[in-house]
Amino acid sequence: MEDYILVEGFKHIRHQQQSFLEEEMIERTKSLYNWMDKRRSVRHFSNKDIPIEVIENIIKTASTAPSGAHKQPWTFCVIKSANIKKKIREAAEEEER
């Protein structure tokens, strides 16, 4: 059996149902919570170059989030310009006010 199916010519990864023991589910959810609880909003951007492969992997990961009818109606933009980053930060801060 293939690990994907074709829908209108596009590959869709076949869902593999997993079964976990209750103790394992509890431990996995605690681990995920502890990891996610370390997230923070960032409005000051580094001038350090990030390898494009890292950025692409982050975008691929974000694009796997569930959405209505699995349409993923979002757009991701990679911003390299320090001036544009500054304007985004200022706009975000203005929105909060």
TODO: Would you mind stating whether Ser63 is of a type in the set (Gly, Ala, Ser) and either modelled with pLDDT of 90 or more or exposed (fewer than 10 other Cβ atoms within 10 Å of the Cβ) (or both)?
DONE: no
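State yes or no: is Glu56 charged (D, E, K, R) and either in contact with a Pro (Cβ under 6 Å, 6 or more places away or on another chain) or farther than 25 Å from His12 by Cβ (or both)? Quick ask: steps written out before the conclusion?
Numbers: charged (D, E, K, R): yes; either in contact with a Pro (Cβ under 6 Å, 6 or more places away or on another chain) or farther than 25 Å from His12 by Cβ (or both): no.
Answer is no for this residue.
Being surrounded by 10 or more Cβ atoms within 10 Å (Cβ to Cβ) and closer than 25 Å to Ser63 by Cβ is the filter here; which residues of the range 14-32 pass it? Talk me through it step by step, then tell me what you get.
Applying the first criterion (surrounded by 10 or more Cβ atoms within 10 Å (Cβ to Cβ)) to the range 14-32 yields 14, 20, 24-32.
Matches in the range 14-32: Arg14, Arg28, Thr29, Ser31, Leu32.
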- [ ] Output the residues belonging to the range 1-16 that are touching a strand residue (DSSP E or B) at 6+ places or on another chain (Cβ under 9 Å) and not in a loop (DSSP other than H, G, I, E, B).
- [x] Tyr4, Ile5, Leu6, Lys11, His12, Ile13
TODO: Considering every residue within the range 45-57, establish whether at least one is exposed (fewer than 10 other Cβ atoms within 10 Å of the Cβ) and touching a residue at least 40 places away in the same chain (Cβ under 8 Å).
DONE: no
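The values are calculated or read from the model by the stated rules, or taken from the named source; none is laboratory data. For clarity, every value in this text was computed on a predicted model and none was experimentally measured. Cβ coordinates were reconstructed from backbone atoms using ideal geometry, including for glycine residues, and neighbour counts include every protein chain displayed.
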